[in-house]
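Please treat every number below as a calculation from the coordinates, not as lab data. No experiment lies behind these values; they were computed from the predicted model shown. When we count neighbours, we look across all protein chains shown, and the Cβ atoms used for this are built from the backbone with ideal geometry, even at glycine.
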Amino acid sequence: MRLRRFALLAALFCGWAGRSAGAELSGYAAARYFYLDGVTGGDHYLLDERLRPTFTETLDSLPDVTLTVTPQVLLKQGRNSPAITEVDDYLTVERLYLDAALSRVSLRLGRQELHWGSGKFWNPTDVFRETFLADYWAERKGVNAARADVHLPQAVELSAIVATGDTVFDKNRYAGRATVSRWNQALSAVFMDDQVKDQYVYGADFHGRYKIGYWVEAAWYDAKPKGVPDHAEAATGLDYLIKVRSGAAVAVQYFHDGSGVTHPSQYDRLLTLFGLRTNLAQNYATFSGLLNWNKTATLGLNLIYNLDDGTSFWIPSTNLNLPKGFQINLGANLFAGARGGEFHLASANYLVQQTPPGTFPFLFPSPDEVMNGVASAIYYVWLRWNF
């Protein structure tokens, strides 16, 4: 907690000082409204307001070093909205890092975004993974890390990262990646010693484009403790650009997660309820489509299909670009398929079957109370101003 408050004060000071010295300012302010269809009891909506400026400035005393600071103010109202008891509940530091550009080496030190991999929705080689199935617009959380990228001749790049937590410093993550690029293609090898999850990760990522885009990304997760099973993950897909209207793109992908299961009777909903997993099954197919109707309107559709239980998750959306940097986005999260599947849980009986014995009421209220908070569909609208 003290570290977070120190970082917050440092970010605010650096942002103010950088702004007074003529730092570059960018970012956005947004309001997002979600209507939860099918829930009972309590509010049927979620509303959040977000202000996220980014200050960037080259330091006068170190002309090759750039400071970036991104504080965020986030307020939430509606169903199960958290209470505000201290500054950390609404004001956080999302980015706070220094960049140094040398002849062949790029260095970044501080709270930063880390993302490896070329797949859609899932990235097996992303050793700092975050998976956004519903909130596809969400920003990644900042990671406290030191990163070095070495640019070698013949389009070879080596990357090394050491990452640590906000409060625990004896369990870190050490990651490295080597990339070779040739003829509009790239091949990467990835390794990580993950002391947080107590595992090693070995991976490879191949992607490129020849009339169509393609990627193959796979990783082996080697658990350190004896008795904990190892598993493999892989994603492969294609994307294609279409000359229609102002431009369109479609992408399809297959994803396999060896740590998942193949039948709803084997699901452990407790893992998703606690946020320990983002998916339960082993095999998924995804589709993404984007159509730029004109300079103002963009239509989109994301589809995630569980190949093991037949349920699916649909995300249609429309984005309108307005003058003065304003945007309006309309969309929905829709669920289909057999009841009891991963994306279509609609019964307290299924919930009981898919959680370990004794879960209710030891860890949660009654199954019916939990199901009261499960939406059959979610509709949203958000307004954003980019500056």
Check: Rounded to the nearest 0.05, what FRET efficiency is calculated for LEU109 and HIS151 with R0 set to 25 Å and r the Cβ-Cβ distance?
Finding: 0.90
Check: By its C-alpha gyration tensor, with a ≥ b ≥ c as the square roots of the eigenvalues, how is region 95-219 shaped: rounded for a/c under 1.5, else prolate for a/b larger than b/c, else oblate?
Finding: oblate
Checklist line | Cβ-based charge dipole, the chain, positive-most Cα from VAL143, PRO229, PRO323 | finding: PRO323
Notebook entry, point to check: Among PHE169, TYR90, SER288, whose Cα lies farthest out toward the positive end of the dipole of the chain, if unit charges sit on the beta carbon of Lys, Arg (+1) and Asp, Glu (-1)?
Noted result: SER288
Checklist line | Around PRO357: net Lys/Arg minus Asp/Glu count, Cβ-Cβ under 14 Å | finding: 0
Next item on the list: Identify which of SER188, SER26, SER61 has the largest mean-square fluctuation in a Gaussian network model of the chain, with springs joining Cα atoms closer than 10 Å.
Entry: SER61
Item checked: Segment LEU238-ALA377, length gained on full extension (0.36 nm per residue, minus Cα span) -> 47.1 nm
Checklist line | Net dipole in debye of region 246-381 [+1 Lys, Arg Cβ; -1 Asp, Glu Cβ; about Cα centre; nearest 20] | finding: 520 debye
Checklist line | Pair ARG182, THR272: separation of 7 Å Cα→Cβ label points (nm) | finding: 4.3 nm
Item checked: Overall form of the chain per C-alpha gyration tensor (a/c, 1.5; a/b vs b/c) -> rounded
Item checked: Low-density loop positions, chymotrypsin sites (Phe, Trp or Tyr not before Pro), region 114-168 - DSSP coil, at most 10 other Cβ in 10 Å -> none
Next item on the list: At a Cα cut-off below 20 Å, give the aspartates and glutamates reachable from LYS120, other chains included and same-chain residues fewer than 8 away excluded.
Entry: GLU130, ASP135, GLU139, ASP205, GLU217, GLU233, ASP239, ASP257, ASP308, GLU342
Margin query: Only four residue types carry charge here, +1 at the Cβ of Lys and Arg and -1 at the Cβ of Asp and Glu. Report the dipole size of region 102-230 about the Cα centre in Debye, rounded to the nearest 20.
Written below: 320 debye
Checklist line | GluC sites (Glu not before Pro) within region 72-132, DSSP loop, no more than 12 other Cβ atoms inside 10 Å | finding: GLU86
Note to self: Quick check: Cα centre of region 371-387 to Cα centre of region 189-217, how many Å?
What the structure shows: 32 Å
Check: Is region 211-319 rounded, prolate or oblate when judged by the Cα gyration tensor, a ≥ b ≥ c being the square roots of its eigenvalues, rounded requiring a/c under 1.5 and prolate requiring a/b larger than b/c?
Finding: prolate
Margin query: Under a Cβ-only charge scheme (Lys and Arg +1, Asp and Glu -1), can you give me the dipole magnitude of the chain about the Cα centre, in debye to the nearest 20?
Written below: 840 debye
